1. Among what's in the range 27-40 and is open to solvent by 70 Å² or more (accessible area, probe 1.4 Å) and not hydrophobic (A, V, I, L, M, F, W, C), pick the residue that is nearest to Ser69 (Cα to Cα).
2. Pick from the range 46-66 the residues that are surrounded by fewer than 17 Cβ atoms within 10 Å (Cβ to Cβ) and charged (D, E, K, R): which of them is farthest from Tyr6 (Cα to Cα)?
3. Looking at His24, His43, can you tell me which residue is outside any helix (DSSP H, G or I) and open to solvent by 60 Å² or more (accessible area, probe 1.4 Å)?
4. Out of all the residues in the range 1-21, which are part of a helix (DSSP H, G or I) and not acidic (Asp, Glu)?
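The values are calculated or read from the model by the stated rules, or taken from the named source; none is laboratory data. Note that this is a predicted model, so its numbers are computed, not measured. Cβ placement follows ideal geometry from the backbone for every residue including glycine, while neighbour counts extend to all protein chains displayed. Note: accessible area is taken over every heavy atom of the protein model, side chains too, but ligands, DNA and RNA are not part of it. Shrake-Rupley method; radii C 1.70, N 1.55, O 1.52, S 1.80 Å.
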Amino acid sequence: PNLKKYNIDLAIEDFQQVVELYPHLDFANFYLAEALYKKGDIHQAYKYWQKTLELNPAYPEAKQRLCRSALLI
């Protein structure tokens, strides 16, 4: 809900906690990247989209975001 309500800092904290506890969850890494991207931290977002694809190479949204963000870096 924090990501949708634009409380980005709280969303980042929440997803970081989940990723620390469960680093194998592809969707947690993906949504941490989404929150970081919304905050404007493209480099960190890129890192977590890459991690998402390491965990699940078939994650289509992560592939799309990674391709688009590569153009910005």
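1. So the first thing to find is which residues in the range 27-40 are open to solvent by 70 Å² or more (accessible area, probe 1.4 Å), and the list is 27, 31, 37-39.
Checking the rest, the ones that are also not hydrophobic (A, V, I, L, M, F, W, C) come to 31, 37-39.
On the way: Tyr31: 15, Tyr37: 9, Lys38: 12, Lys39: 14 Å.
So the residue we want is Tyr37.
2. So, considering only residues that are surrounded by fewer than 17 Cβ atoms within 10 Å (Cβ to Cβ) and charged (D, E, K, R), the one farthest from Tyr6 (Cα to Cα) is Glu54.
3. His24
4. Just the residues of the range 1-21 that are part of a helix (DSSP H, G or I), to begin with: 8-21.
Listed by number, the residues that qualify are Ile8, Leu10, Ala11, Ile12, Phe15, Gln16, Gln17, Val18, Val19, Leu21.
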